[in-house]
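Enquirer: I am attaching a structure below and will ask some questions about it afterwards.
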2 protein chains.
Amino acid sequence: MPKSVVISIDAMGGDHAPAIVVDGVQILAKKAKNGSLKILLHGVASEIEPLLAKNPAAARISQVRHTDTFVAMTDKPSQAIRKARGSSMWNAIEAVKTGEAHACVSAGNTGALMVLSKVLLHMAPNAHRPVIAASWPTARGASVVLDCGANVECAASQLVEFAIMGEAFFSALHGTKKPSIGLLNIGTEDLKGNGIVREADALIRRADLGLNYQGYIEGDGISMGAVDVVVTDGFTGNVALKTAEGTAKLAAEFLRQSMKRSLLTMVGGLLSKSAFKELKSRMDPRKFNGGVFLGLGGVVVKSHGGTDGYGFSNALNVALNMARSDYAEHIAINLEELAKVTSKVEQEGVSQ
Amino acid sequence: MPKSVVISIDAMGGDHAPAIVVDGVQILAKKAKNGSLKILLHGVASEIEPLLAKNPAAARISQVRHTDTFVAMTDKPSQAIRKARGSSMWNAIEAVKTGEAHACVSAGNTGALMVLSKVLLHMAPNAHRPVIAASWPTARGASVVLDCGANVECAASQLVEFAIMGEAFFSALHGTKKPSIGLLNIGTEDLKGNGIVREADALIRRADLGLNYQGYIEGDGISMGAVDVVVTDGFTGNVALKTAEGTAKLAAEFLRQSMKRSLLTMVGGLLSKSAFKELKSRMDPRKFNGGVFLGLGGVVVKSHGGTDGYGFSNALNVALNMARSDYAEHIAINLEELAKVTSKVEQEGVSQ
């Protein structure tokens with residue numbers, strides 16, 4: 001565990017950058033112990049410095065690394081690569097590559113961040129593709145869902161990789177030694193679901209990786225906290241995550257409308273104000289901001305593009321927890337083990 | 001539109017059958033005009049008749065069709081078929097086949113109901129596989145999502161079939177002439193999403209079926225009511241539906257917990273009781289009970305297996321609306337048109 005953590009930020013990424021970036025650093029800086037945290041802010045100095053002047057706690061721990069260029073939110077990954085060298089995003093990732101920083105955070109263009117991270121940091125040994133892992137509020141606290149959008153189609157062995165990476169990620173965030181793992185499927189019986197999910201289930205049982213694997217879970221199990229780590233492909237994971245966000249928004253909207261239906265309910269609403277505040281906070285998406293690209297040769301955290309300073313500070317917190325954990329060592333052993341198993345399975349054929 | 005609708009029910013299907021079935025019929029019977037509705041109850045007469053004795057409105061419109069055998073909730077479809085002939089589920093569907101009934105409803109084993117419906121009713125002309133369509137509460141009222149679990153993997157042309165069937169289904173339920181249609185994807189930009197979804201998007205635009213097609217929507221768009229009809233494969237649709245159910249449950253649970261945090265909030269909660277009741281009713285899954293198997297040569301409605309009488313009455317309502325609509329004629333024309341387009345595309349290759 002490094003004594004002092006250095007986080008490298010793409011200060012120009014996000015809908016409201018660099019203001020939300022500096023706000024986020026300010027929130028974290030106020031809580032950080034002296035000398036425990038250092039921030040590198042990559043971006044346009046003339047925009048960042050006036051903000052730091054207004055946020056002295058942030059200014060105290062930050063260094064500005066000026067660059068004029070940045071990747072636009074609307075750039076396609078292919079465009080982004082061509083003009084990326086020297087941009088705020090590129091430089092932020094490069095600081096992790098050179099070892100100057102322990103983790104990188106950006107609220108910028110997801111596709112570009114994914115591609116540049118892979119180009120600069122390469123994959124971790126025995127990992128094949130980056131995967132986006134996100135935290136999810138549940139009845140038991142929080143779970144991790146992966147993949148949330150990086151890999152639209154996944155082979156069975158990839159899903160097993162996700163399980164290994166998700167376990168290490170959950171441990172890094174929450175300190176749990178053997179988090180429970182489930183495969184997202186459309187039925188808990190053996191016969192349901194698609195071929196790839198069934199193959200992944202067989203592989204994970206056979207691989208004997210010492211995972212706390214609980215078998216299949218269904219969509220309603222995610223929010224119920226049926227398992228700590230939910231494994232699925234990037235298409236399904238992204239749809240599930242956004243569907244849950246939409247449903248939570250709808251419930252909040254219906255609640256607001258219902259509380260306005262009479263004078264009595266309005267008075268009731270006023271008395272219950274603290275309860276609603278607590279409810280809002282428990283389901284606040286900003287609290288769960290910070291998707292991590294797992295499987296790379298370094299830590300990269302993607303913040304939601306439209307978040308505010310509070311949301312960005314939570315993405316920074318995720319980076320901080322990852323930098324302080326033994327995440328990289330944890331997955332290295334299991335991925336090596338998986339590589340042995342998959343090559344053995346490939347030789348023998350996929351018969352169980 | 002038939003003057004008097006006949007609905008054929010598998011009275012032994014569901015976790016709490018036949019009690020919930022008779023309760024559901026009773027609720028509907030009280031609202032039905034004299035002579036407008038007739039019910040066939042297939043199942044064990046000695047179990048059903050005492051229930052009818054206690055529910056005179058239901059008894060007035062019901063005929064019991066005795067059979068001793070039924071498909072168990074835990075039977076696999078392959079087992080179910082072997083012993084299905086003469087079962088309550090088989091007989092309920094057969095009444096639609098012979099033309100005695102306009103629609104069939106069952107809260108029984110989904111897989112068995114799907115297989116038996118296909119065996120007995122066959123597919124509608126130019127439809128290839130049955131699909132499960134379900135209603136979904138939204139900020140604008142209700143949307144229809146399909147497929148909710150029948151087809152784990154789907155070709156692009158199947159997704160276009162779903163769009164056509166979903167349009168007709170939404171019209172049957174709500175009377176809307178040109179409901180809006182969206183394809184569920186993980187990004188609204190052209191480049192995102194998987195190959196099949198992109199291919200379906202191209203095909204739907206090219207086919208010129210006169211659909212009110214709005215392009216891609218993301219998961220959060222479902223609950224927001226971005227479109228009337230959400231088209232997706234059965235794996236994604238099932239995960240989305242159950243994820244939303246889980247999230248709504250979690251929000252309700254968090255609300256309950258928060259209202260108990262102090263005396264003040266508890267008093268507030270009491271005053272707001274009517275508001276909470278309204279909220280609960282608006283998101284009540286029983287209200288949206290009744291998934292329809294579309295694409296068959298007859299109407300089959302699947303009720304949730306664990307529902308109660310109120311929930312079952314809503315599934316009956318769906319069957320009633322379908323029976324009274326011109327749904328079958330509506331899809332026939334569009335499916336024929338699609339068949340022409342797909343065969344043309346296949347000849348030319350999938351280049352756009």
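No value in this document is a laboratory result; all are computed from the given coordinates. Fair warning: this is a prediction, and the values are worked out from it, not measured in the lab. With ideal geometry, Cβ positions are generated from the backbone for all residues, glycine too; neighbour counts draw on all protein chains shown.
Enquirer: Nearest 20 debye, what's the magnitude of the dipole of the protein assembly as shown about its Cα centre given +1 on Lys and Arg Cβ and -1 on Asp and Glu Cβ?
Expert: 2320 debye
Enquirer: Tally Lys and Arg at +1 and Asp and Glu at -1 over the other residues with C-beta under 10 Å from the C-beta of A:Ala92: what net charge comes out?
Expert: -1
Enquirer: Treat each spin label as a single point 7 Å out from the Cα along the C-beta direction, and report the B:Arg140 to B:Leu270 distance in nm.
Expert: Label-label distance for B:Arg140 and B:Leu270, simple model: 4.2 nm.
Enquirer: To make sure I understand the rule: partners must be aspartates and glutamates, Cα under 12 Å from the Cα of A:Lys178, and not fewer than 8 residues away in the same chain. Which ones qualify?
Expert: Reachable aspartates and glutamates: A:Glu167, A:Asp228.
Enquirer: What does the charge count around B:Ser171 come to, taking other residues whose C-beta lies under 15 Å from its C-beta (Lys +1, Arg +1, Asp -1, Glu -1)?
Expert: Around B:Ser171, the surrounding residues sum to -1.
Enquirer: Distances from B:Lys31 to the same residue in each other copy, label points 7 Å out along Cα→Cβ, in nm, shortest first?
Expert: Listed shortest first, these distances are 5.0 nm.
Enquirer: Taking the alpha-carbon centroid of each part, what is the distance from segment A:281-339 to segment A:11-62 in angstrom?
Expert: Segment A:281-339 and segment A:11-62 have Cα centres spaced 19 Å from each other.
Enquirer: Something else about it: To one decimal in nm, how far is B:Gly86 from the same spot in the other copies, if labels go 7 Å from Cα toward Cβ? Please give the shortest first.
Expert: 8.5
Enquirer: Modelling each spin label as a point 7 Å along the Cα-to-Cβ direction, I'd like the A:Arg60/B:Ala53 distance in nm, to one decimal.
Expert: 8.3 nm
Enquirer: Another one. Where does each of B:209-221, B:7-19 land if you order them by average Cβ count within 10 Å, highest first?
Expert: B:7-19, B:209-221
Enquirer: Within segment B:205-220, name every residue whose backbone N is under 14 Å away from a label modeled 7 Å from Cα of B:Lys340 along the Cβ vector.
Expert: Taking a point 7 Å out along Cα→Cβ of B:Lys340, the residues of segment B:205-220 whose backbone N falls under 14 Å are B:207-210.
Enquirer: Give the Rg (one decimal place) followed by the Dmax (whole number) of chain A, computed from C-alpha coordinates and expressed in Å.
Expert: Reported Rg and Dmax, both Å: 21.2, 72.
Enquirer: One decimal, nm, shortest first: give the distances between the label point of A:Arg205 and those of the same position in the other copies, each label point 7 Å from Cα along Cα→Cβ.
Expert: Spelled out, the distances from A:Arg205's label point are 4.5 nm.
Enquirer: For the protein assembly as shown, what is the calculated [θ] at 222 nm in deg cm²/dmol (nearest 500), taking -39500 (n - 2.57) for each run of four or more DSSP H residues and dividing by its residue count?
Expert: So the helix-based figure for the protein assembly as shown works out to -16000 deg cm²/dmol.
Enquirer: May I pose another question? Of all beta bridges DSSP finds with both residues in chain A, what is the antiparallel percent, to the nearest 5?
Expert: Expressed as a percentage, antiparallel bridges in chain A total about 30.
Enquirer: A further question on this structure: Mean-square fluctuation check for chain A, GNM, Cα pairs under 10 Å: which of A:Ile93, A:Ile164, A:Ile27 is largest?
Expert: A:Ile27
Enquirer: Shifting gears a bit: How big is the shadow of the Cα convex hull of segment B:1-121, averaged over all directions, in nm²?
Expert: Across all orientations, segment B:1-121 yields a mean hull projection of 7.0 nm².
Enquirer: Another question about this same structure. I want to check a number: in segment A:233-352, how many lysine pairs have alpha carbons closer than 28 Å, given a sequence separation of 8 or more or different chains?
Expert: For segment A:233-352, the number of qualifying lysine pairs is 21.
Enquirer: A follow-up question, please. For the protein assembly as shown, what ratio Rg/Rh do Cα atoms give with a Kirkwood hydrodynamic radius?
Expert: 1.01
Enquirer: Let me ask something else about it. Quick one: putting +1 on the C-beta of Lys and Arg, -1 on the C-beta of Asp and Glu, what dipole do you get for segment A:242-352 around its Cα centre, in Debye to the nearest 20?
Expert: 960 debye
Enquirer: While we're on this one: Suppose each label sits 7 Å from its Cα in the direction of the beta carbon; what would the A:Ile81-B:Thr176 distance come out to in nanometres?
Expert: Each label point lies 7 Å from its Cα, and together they span 4.1 nm.
Enquirer: For the protein assembly as shown, give the share of DSSP beta bridges that are antiparallel, in percent and rounded to the nearest 5; count only bridges with both residues there.
Expert: Of all bridge pairs located within the protein assembly as shown, approximately 30 percent are antiparallel.
Enquirer: Let's test the formula: R0 of 25 Å, r as the Cβ-Cβ distance of A:Ala72 and B:Ala202. What FRET efficiency results, to the nearest 0.05?
Expert: That gives a FRET efficiency of 0.40.
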